[in-house]
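What follows is one structure encoded as structure tokens, with my remarks underneath.
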Amino acid sequence: MADQQETVNPLHLYELAQRAALAPKIIDIESSDGVKGQAAVIPVVEPTGRMTVKLESVGKFCDENRDKPRRRMGTACLSDIASLVDHVKRFKDEDSVIFANTDRANPSMTAVLDYHRKTAAGDPRFGQHRSQYLFPMSAEWKAWTQINGKEMIQAGFAEFIETCIVDVLDPKTAMDAAKAFADKCDIEFAQPSKLLQLSRGLAVHAGVKVANTINLASGEKQIIFEETHTDEKGEPLKVPGAFLVGIPVFRSDARYQVCVRLRYRKREGGVLVWVLDLWRHEDVFDHAILQACEKVKKDTGLPLLVGTPE
């Protein structure tokens, strides 16, 4: 029997020859808006076995061998206002813009250094080079706002007052807004020593039922307990109507005066709970962040918009 020879399809030979001849090559391209670039013509074998070509960008390979990046990118996270200003001044141009997010839970400030050119006809830019500052809340602000309006049992309240007594101000330092608050509420601000005395007296009465409370002409109140324990002098505890604290909103920032109403409620079974109400502390926050925005706007010479960048 004669040896069987494999039959070669001429079309298959043609495709093999074409595949060998079609090596990848670089071509110059230009888009309709005049942007020039490069692409590679890549040979591809389709599932049908036929040869085709596609364009593939070679930009990523070019970037690996550049002496310097094509443009600045990235976000610098700064730890204080001064560093934010210095970074912005280092890289800003006439079209840079600062955005301030005034959200009370997570305030921040972001400078978009390569923001779009001014006017609708101005060239768009990538907006990928940025400076960012996340406002750090002070430990004092966190401590006082976290207990604002919340009920505390006697032991917890006494412990809080002793821990934060350094923030309590002398009533003599009260500013006009605080004085107006005290006059309208017909109360007097307590001295730090008075609050400390109160907290220590309450520590003695932790877990003891309240027998009666009495309003005094001075605006204070007296608490009479069922047991014979009273304050350190053996007298009923006198509770001031309010006191002043001096606390910064942001870390390493100026301190603000905040009026604090002191309230208590007698619960079922004679259990006493305490509530501290910070008077208009939202206004204090708004003022603090407004001051920061004005400083950055002045020091950088850039427009400042309230909101977040696109």
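The values are calculated or read from the model by the stated rules, or taken from the named source; none is laboratory data. These figures come from a predicted structure and were not determined experimentally. Glycine gets a Cβ as well: all are built from the backbone with ideal geometry, and neighbour counts include every protein chain shown. In case anyone asks, the SASA skips ligands and DNA or RNA and just uses the protein heavy atoms, side chains included. Shrake-Rupley method; radii C 1.70, N 1.55, O 1.52, S 1.80 Å.
Per-residue surface analysis assigns Asp176 an accessible area of about 120 Å², computed on protein heavy atoms at 1.4 Å probe radius. Could you sort out which of Lys179/Lys238; Lys68/Lys295; Lys118/Lys297; Lys68/Lys89; Lys184/Lys298 sit more than 26 Å apart by Cα distance in this structure? Lys68/Lys295; Lys184/Lys298, as the Cα separations exceed 26 Å there.
For region 90-181, what percent of Cα pairs sit more than 20 Å apart? More than 20 Å apart: 63 percent of the Cα pairs in region 90-181. Here's how it looks for Ser138: its modeled amide H is under 5 Å from those of Phe250, Arg251, which are all 5 or more places away or on a different chain. Counting only heavy atoms of the protein chains and using a 1.4 Å probe, Phe250 has close to 10 Å² of accessible surface. The label point for Gln257 and the one for Ala82, both projected 7 Å from the Cα toward the Cβ, are 2.9 nm apart.
Across region 162-168, rounded Karplus estimates of 3J(HN,Hα) from the backbone phi angles (6.51 cos²θ - 1.76 cosθ + 1.60, θ = phi - 60°) give 5, 5, 9, 4, 5, 7, 6 Hz, Gly and Pro being marked x.
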